[in-house]
Amino acid sequence: MKEMDELKKPDNSSEVNQPKDSGYWRSFKELYNDPAFDKTLKNEFSPEALQKPDVANMSAVTRRRFLALMGASAAFAAAGCGNYQDKGTIVPYNQKPEEVTLGLPNYYASTCTGCTSACGILVKTREGRPIKVDGNPDHPVNKGKICTKGQASVMNLYNPERLREPMMNKAVTNWNDVNKNVTAALTSAAGSGKEIAIVTHTILSPTLKRLLDEFKLTFPTAKIYSYEVFNDSARINAWQKSYGKRSLPVLQLDKAKVIVALESDFLGNDHNMLEYTRMFSQNRDVMSKNEFNRLYAVEGAVTNTGMNADYRLRLRTDAIEEFVMCLLNELVGKKKLSGYAMDSRVTTVFASNDIKQFAAKYKLDEKVVNHIVNDLVKFQGEAIVLGGDKLPESTHIAINLLNEALGNNKLYSAEADNTELMPLSTSAEMDSLVQAMASGRVGVVVHFDTNPVYNLSPEYKYEEAVKKVPMSITLTELVNETSEVSNYVLPIHNQLEAWSDFKTRTGFYSMQQPIIAPLYNTRQKEAILLNWKEPKEFNETLYKDYLSANWEKVIYPTMAAAAPFKKFWNSVLHDGVVFMNEKPELAGGAFAVDAFASVPKMKASNDFTILLQGNNNVGDGRFASNGWLQELPNPVTKIVWDNYAAISVQSAAELGVDTNGTVDITIGSRKQTFPVFIQPGMADKTIEISLGYGRTAAGAIGTGIGVNANMLIAKNAPLNERLYNNAQVTSAGGKYELISTQEHYPIDSDPLLKDIQFRRGIIRQGTVEEYKKNPKFLQEGMHHMDLQPINTPPVYDREGFTGYKWGMAIDLNKCTGCGACVTACNVENNIPIVGKEQVKANREMMWLRIDRYYYGTPDAPSANFQPMLCQHCDYAPCENVCPVAATTHSEDGLNGMAYNRCVGTRYCSNNCPYKVRRFNYFDWRDRVSDGFQYAEPMELMANPEVTVRSRGVMEKCTFCVQRIMKERQDAIQEARGVVGSNVKTACQDACPAYAIEFGNINDKESTIAKYRTHELGYSVLEEIKVLPNVTYMAKLRNIYEPMHTGDKKHKSEEKKSEEKKTEEHK
Amino acid sequence: MNSNNSGNNNSVKIKRRNFFVYLGAGAVAAAAITKLPFKLFGQKLKAEASVKVKANPYAVKRDMNMSSKGPKGQVRG
């Protein structure tokens, strides 16, 4: 509160409370020169890390006695004990499996089931066990990339808390008894007319659909209910009303010159993020001749997409439909760009919406609004207006009309983006299920890998109803809120142990095959259902046979394949995807004007708007047990291990709350309390909260993390299940500490050198126009600090070196800050989880971090994302100071780390200007959650190519030296030279935007060498002359105005002071 | 509070000579015990893991050298 009061002070006498000059800032404390923050900058370590032991309460054992005991113990230990590092004898295979070659990986294609996108994956296995999940390069949607949840999914397989045996009434039982009891109950229910309810997620598998249809034939009272927390129902329903079909087209964003994203986080958490990120970044490539696209974001929440936009307008979400009406009025009504201008059914709807008045009412930058209008006019047919999945149907219909009127439907692909094998259940249908359960009309309910007790709105009262069902069964991998109230809890296969097929889009099928035999006594959920439908002796191939039989009888004949079915089947499994000639069922015909005219419109209210967001961490809560995802910083806020209510500066001031305070949010009869995070750029009276947190039964890692925002979901939401504009928000007066990594390791501030942060150029950017006029603008504008290099003379002479030298380039134009690279690095390099408390002490272990720098004002900031990792400096300041030479430089330019030499002085980390070194203060695997990471079978998850580090050892990015070594081995075997482009680091492989390039910088023809010499290339902290080998491409904003950032401001100030000095000298 | 000069020092100060005698005797005794065939102090071998890893025999391994972009519905030989 005091901080907020001081911010309002009109008196300019105190420098402390004035915002810094425009430049880069990471948080409000930095922006407003908080003395407490300045103090923390001087400290290498956070206060929590420096807590001294409480000496007064220590034991009074004398020093003499202590040493005597220690000496005796050491003597016994040395004499008696065996080698503590001895883990036993390693015995090689005596019957080696045919497909395994020791030391070499195998790869299998499959499909990820983390969300409804069903991306193709390629799973790397070593000695029969999966260790890494990457995208399948042959999959037409994700093309070799996978999101954070997909990357981290390997941990789900080895989660020690996975259920291992079937349970009946919380006691372990066996499958035979389960099947006997369940089939009896199913038969009885069907015979007595009682409903058999199967609650599932979206059905994406044609074979599963067939199985469910057959199940319904066997048990005529069976009904299938499906739900999905993050669904596109509003958009699909809007499309159906607009065009009469339910198939959405794929949007060809790679052909769009202008994209207007209305509360659409297509670069973050909205549907199809991988494909849209790839398409978007294709037109952000400084190495290609493509013109840059221009992205406008109009949003209430602060999203990845908004932070990457060239122009961003903050507008409360329930006013977005009005904004679309204003655009329609301007473009169709006034400029008459479309024949719809003649249709009074259309024009009367938006005739009263004036864009200037709207901009004034919501304090929008009129200049930006004019740019949007002008660009939509100029680029008709080459622009697209996107609506986010939280907007209601009416807004999507309006957006469809806008795109239609501007001819932007040329960017609709012929492919259908979604294939609806079975529509999701409506809220009325879910309600009727709950009523039926509560009134005893349901004999058996089967939760088919779903968790409705947690996911559904509390208004359903699902938990109370399910307790009244005589037999409730939950098929699940892990304990969850629904399994806690079910009679039978049946363990199912992980996605890497299961068979399936997927039809998500026109033109191809994706296949899922098991990479590993089941680790426990689990069964495939489809096989369980099949066994109940046709009781017979169970075997592990039951569903595989059913699947292949379905393909042979139903799908294969439609393929007109030349090969016999067996070969075809093996080929399909090999590729993971099979293409086919398929005519999409897209809508033809005209836009249904009546739908636009008649649908009730969303109107902005005066209350708070609540947005319930997806996230790239826990999804709808199903990944809450995955520690890597919990510890992954949110791309925008950098908060870990929690969710929160993100709120604007102004709204927080009005409520009298500050970050780490709490607010009560009430929507109708539903109420919940959340911790507060003041987020720059949020629209006033708009609050954004992530779903998937606040679980009460998610194991040691996921239970009790965050607050359950599902409590705010309404059964019959007037707008959208994830958007409410009738919320009452009050201060709850509590305290809740949120942990954010955004202030860790700032390298841009040094009070010893006044304003050095403006001239350090950690982020360099310009505009596309500036670059076109003068491609060398960056080199000319750079400040050259007159500082002596840190190492004088150089440690070693690199001139004349003719071998290969590794380097990396990161294109900041393409990086969206999604975090896939961070997760991939964690998986590849066996990075441990440290837990929330240790992240608070700045001890997170991730080798790669994404720094997010704001610039601009707290109300309307822009952001830059910069992946920061070990720069492998030629004159590395860390190498000189190691007393035991544990960190040295290799011949090929790597800054190496010898873990078994390191004694943990941490001098190297102290000296690192980029703060990229990570120290193992503890044995994290032992410390976090009672040794969770040591519990069986977590050790199977480790990548055997990378050392698992223990306590007391420094670690950092190695440029994936294990992959470099693999290339060297291949080169030796094949008697050729090392080819730099054959090595792809884990982060490079994972980046969906292709922002990271790696290779041999001495190969002048290579892409990496071209990045190094590109006119937009620069190094971070160049002036200290450590010669880093990571080159960043300066970010170009595609804006009309010249850019004003701190470094340019100070350039002009410096120029003025130099001119003044020259005049005085004269 | 730790102190070299604790007021309540009831411990009997052992003579240096005796200390080393006892230490040596203890070391010899420990060494002798470890030579017994009972492996009292030896590191026990880790019990056989309860989770067995076995590749799925029906999974089709990806040939990383082979391009998989064949014609639609067709199979390479």
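Structure above, values below:
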item	result
Computed helical MRE - 222 nm, the protein assembly as shown, DSSP H runs ≥ 4 contributing -39500 (n - 2.57), nearest 500	-8000 deg cm²/dmol
Karplus-derived HN-Hα couplings along the range A:250-257 (A = 6.51, B = -1.76, C = 1.60, θ = phi - 60°), whole Hz, x at Gly and Pro	6, 8, 8, 5, 5, 9, 8, 8
Of the DSSP H helices in chain A, those whose Cα atoms cover at least 27 Å axially and whose Kyte score averages -0.5 or more	none
Packing-based order for A:390-396, A:557-563, using average beta carbon neighbours within 10 Å, highest first	A:390-396, A:557-563
Spin-label model distance (nm) - A:Ser46 vs B:Phe19, 7 Å beyond Cα toward Cβ	4.3
Per-residue average of Cβ from other chains inside 10 Å of A:567-579	5
Cβ-Cβ FRET estimate between A:Lys180 and A:Asp607, R0 fixed at 35 Å, reported to 0.05	0.05
Environment charge of A:Asn660, counting only residues whose C-beta is closer than 11 Å and scoring Lys/Arg +1, Asp/Glu -1	-2
Computed over chain A, Cα set: Rg, Dmax in Å	29.9, 106
Cut-off 11 Å between beta-carbons: net charge of the residues surrounding A:Lys966, Lys and Arg +1, Asp and Glu -1	0
Relative contact order, percent, chain A [alpha-carbon distance under 8 Å, six or more residues apart]	14
Mean Cβ neighbour count within 10 Å, used as a protection proxy, ranking A:938-946, A:965-973, A:201-209 highest first	A:201-209, A:938-946, A:965-973
In Hz, Karplus ³J(HN,Hα) per residue of the range A:630-643 (6.51, -1.76, 1.60; θ = phi - 60°; x = Gly, Pro)	5, 8, 6, x, 4, x, 9, 8, 6, 7, 10, 6, 6, 10
For residues of A:123-129, the mean tally of beta carbons on other chains within 10 Å	3
Whole-Hz couplings from phi, Karplus 6.51/-1.76/1.60, listed for the range A:113-125; x for Gly and Pro	10, x, 8, 7, 6, 6, 6, x, 10, 10, 9, 8, 10
Approximate spin-label separation A:Val172-A:Glu534, in nm, with each point projected 7 Å along Cα-to-Cβ	3.2
Shielding by other protein chains, A:517-524, mean Cβ within 10 Å	2
Amide H contacts under 5 Å for A:Thr1031, placed H, 5+ residues apart	A:Met808, A:Ala809, A:Ile810
Estimated distance in nm for a label pair at A:Asn880 and A:Glu420, the labels positioned 7 Å out from Cα along Cα-to-Cβ	6.7
Pairwise FRET efficiency - A:Val903 versus A:Lys39, Cβ, R0 = 30 Å, nearest 0.05	0.45
Under 13 Å from the Cα of A:Lys984 - aspartates and glutamates, other chains or at least 8 residues apart	A:Asp134, A:Glu828, A:Glu967, A:Glu997
Computed over the range A:233-416: relative contact order in percent, which uses C-alpha pairs under 8 Å that are six or more apart	32
Greater than 24 Å apart at Cα, pairs in A:Lys363/A:Lys814; A:Lys170/A:Lys836; A:Lys149/A:Lys525; A:Lys96/A:Lys132; A:Lys255/A:Lys361	A:Lys363/A:Lys814; A:Lys170/A:Lys836; A:Lys255/A:Lys361
Beta bridge orientation in the protein assembly as shown: antiparallel %, DSSP, nearest 5	60
Potential lengthening between A:Phe565 and A:Glu161 on full extension [0.36 nm per residue; Cα-Cα distance subtracted]	141.5 nm
Linear extension gain, A:Arg63 paired with A:Asp926, 0.36 nm per residue minus alpha-carbon span	307.7 nm
Nearest-0.05 FRET efficiency for A:Thr696 and A:Glu214, computed from C-beta distance (R0 35 Å)	0.45
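Rule-based calculations on the coordinates, nothing more; no lab input. Model, not experiment: these values are computed from the prediction. Positions of Cβ are generated from backbone atoms using ideal geometry, with glycine treated the same way; all protein chains shown enter the neighbour counts.
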